[in-house]
Amino acid sequence: MAKIINPDQEKIKDANRRKIFRLLKTKRELSKQEISRLSKISITTVTANINRLIEEGLAEEAGVADSTGGRKPMIIRFLPDSRYSFGVDFASNHLTKSNKIKVILINLDAKIVDERNFDYDMFSSVSEIMKYISEIKDEILEGKGINPNVVLGMGISLPGPVNEKEKILEVAPNLSKSLGMENVDFKQHESLFPFPLFVENEANAAAYGELVFGVAKHKHNLVYLSVNRGIGAGLIVRGHVYKGNNRRAGEVGHMTVASKGIRCTCGRKDCWEIYAATGALIRNFNRRSEEKINDTKQFLEKLKQGNKVAGETWKEYLDYLTIGINNIILGFDPHYIVIGGEICEFDSFLLEPLKELVFEKNTFYGKEDLQILLSYFKEDASLIGAALLPFQELFYGNNKII
Ligand SMILES: [Zn+2]
């Protein structure tokens, strides 16, 4: 007779296994007795799960511990290099104006093992880019002597609304039009890889990374604000990334914040990102100054040198950034606002002045009601967040993004 499996029991089993694995990852080395005590899971269940983790190569026995008497307990050690994952960022959130795609390989500790970047201007289609990424993947794995079987997947961060189930990028107005970044189906490129592809919107990927590894680890209600060439938000509600009914929540870069009539890439006028994405700094500086700059790095230099035009441009920029953040706070009432992306490079010019502006006297909230922080992974937040997506099943059972 076939064994009847109760689905609820299976769920509990999986939850126990993940809890034990997460605990071992945090503490690095523990005896089964310690795991049982800390996780409040019976020693029999802990032993069965540890045996399975050892069998799968995720943990190992690492000698016996000192003991005050009786049998000495065996120490179990977490193995961070037992699985890997690739991360790819299409978001071009780099300080120069060139269109770069970055590829990284990380281990279970989110440590970058190897990385490459290349200009996507040299390609005319997403298919060509994916083929090239597949070659990079082979080069990295061969170079590091890593078996593709221990790579759990490749997470891709994309600057627009993404249907992660269908693996489709719906639209990306900030990426090169020549690539045809509309309804891009990444499923059709999966055959180039011996592991699954995961796709996610850049702000959601970054929010996920901050939630499981970065500043948001113990913070359960927050808005992650990605400020690059465009602006997007990842919403974390009770420890989950919330994507909304049509998976388009957090497209805050297209909130209307002015009435100047400036056209946005989305087709509407006066969207927040026209005034507060990093491109605004270059445009507004060049409009005011005889001397022209090409990228945000040059702008930052001018600001550091005390250039008057750069100072005025920055002041105006912060005012617009504040307008959007105020709207977000009023709309979401988060515990934290985490600012990430290219704008993090402006660190000392950014955080304190921004706090002053955001908490200027108002009826609705004050400094004690929420905190504004800079991202832990800074301009790499989307990239690392994307690379962490293939580990989600192993650690959390795919329920962190809702
Ligand atoms: Zn817009």
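The values are calculated or read from the model by the stated rules, or taken from the named source; none is laboratory data. All figures in this text were calculated on a predicted structure; none of them were measured in a lab. All Cβ positions, glycine included, derive from the backbone under ideal geometry; neighbour counts span all protein chains shown. Surface accessibility is based on the protein's heavy atoms, side chains included, excluding ligands, DNA and RNA. Shrake-Rupley method; radii C 1.70, N 1.55, O 1.52, S 1.80 Å.
Dipole magnitude for the stretch 264-396: about 460 debye, using +1 per Lys or Arg Cβ and -1 per Asp or Glu Cβ, origin at the Cα centre. Under the criterion of Cα pairs below 8 Å and six or more residues apart, the relative contact order for the chain equals 16 percent. Amide H contacts of Val338 (H built 1.01 Å from N, in plane; Pro and chain starts excluded): Val223, Tyr224, Leu225, Leu373 sit under 5 Å, all sequence-distant by 5 or more or on other chains. Against the main long axis of the alpha-carbon atoms of the chain, helix 126-144 sits at an angle near 50°. With bins 20 Å wide beginning at 0, the percent of Cα pairs of the chain falling in each bin runs 25, 52, 21, 2, 0. In this structure, the residue pairs whose Cα-Cα separation is over 22 Å, taken from Lys25/Lys243; Lys269/Lys292; Lys11/Lys243; Lys102/Lys144; Lys100/Lys297; Lys260/Lys367, are Lys25/Lys243; Lys269/Lys292; Lys11/Lys243; Lys260/Lys367. If R0 is taken as 56 Å, the Cβ-Cβ distance between Thr256 and Lys72 corresponds to a FRET efficiency of 0.25.
A simple rule links phi to the HN-Hα coupling: the Karplus curve 6.51 cos²θ - 1.76 cosθ + 1.60 with θ = phi - 60°, which for the stretch 355-366 gives 4, 3, 5, 5, 9, 3, 2, 8, 6, 9, 8, x Hz, with x for Gly and Pro.
At each listed q (0.18 Å⁻¹), what is the log10 of I(q)/I(0) that the Debye formula gives for the stretch 68-170 modelled as equal alpha-carbon point scatterers? For the stretch 68-170 at q = 0.18 Å⁻¹, log10 I(q)/I(0) is -0.96. Note on Asn51 and Asn398: with the Förster distance fixed at 25 Å, the Cβ-Cβ geometry gives a FRET efficiency of about 0.55. Simple rule: put +1 on each Lys or Arg Cβ and -1 on each Asp or Glu Cβ in the chain, find the dipole, and look at Phe332, Ser259, Phe377; the Cα lying farthest toward the positive end is Phe332.
Dipole magnitude of the chain about its Cα centre, charges +1 at Lys/Arg Cβ and -1 at Asp/Glu Cβ only, in debye to the nearest 20? Write out the running numbers ahead of the final one.
Values: 55 positive and 53 negative charges, 202 e Å.
That gives the chain a dipole magnitude of about 960 debye.
For the chain, the longest principal axis of the alpha carbon atoms and the long axis of helix 7-27 meet at an angle near 80°. Mean residue ellipticity at 222 nm, helices only, the chain: -11500 deg cm²/dmol; runs of at least 4 DSSP H residues each add -39,500 (n - 2.57), and the sum is divided by the number of residues. Trp314 contributes about 20 Å² of solvent-accessible surface, heavy atoms of the protein only, 1.4 Å probe. For the chain, the longest principal axis of the C-alpha atoms and the axis of helix 202-212 are separated by about 40°. Amide H contacts for Asn201 (H built 1.01 Å from N in the peptide plane; partners 5 or more residues away or on another chain; cut-off under 5 Å): Leu158, Val162.
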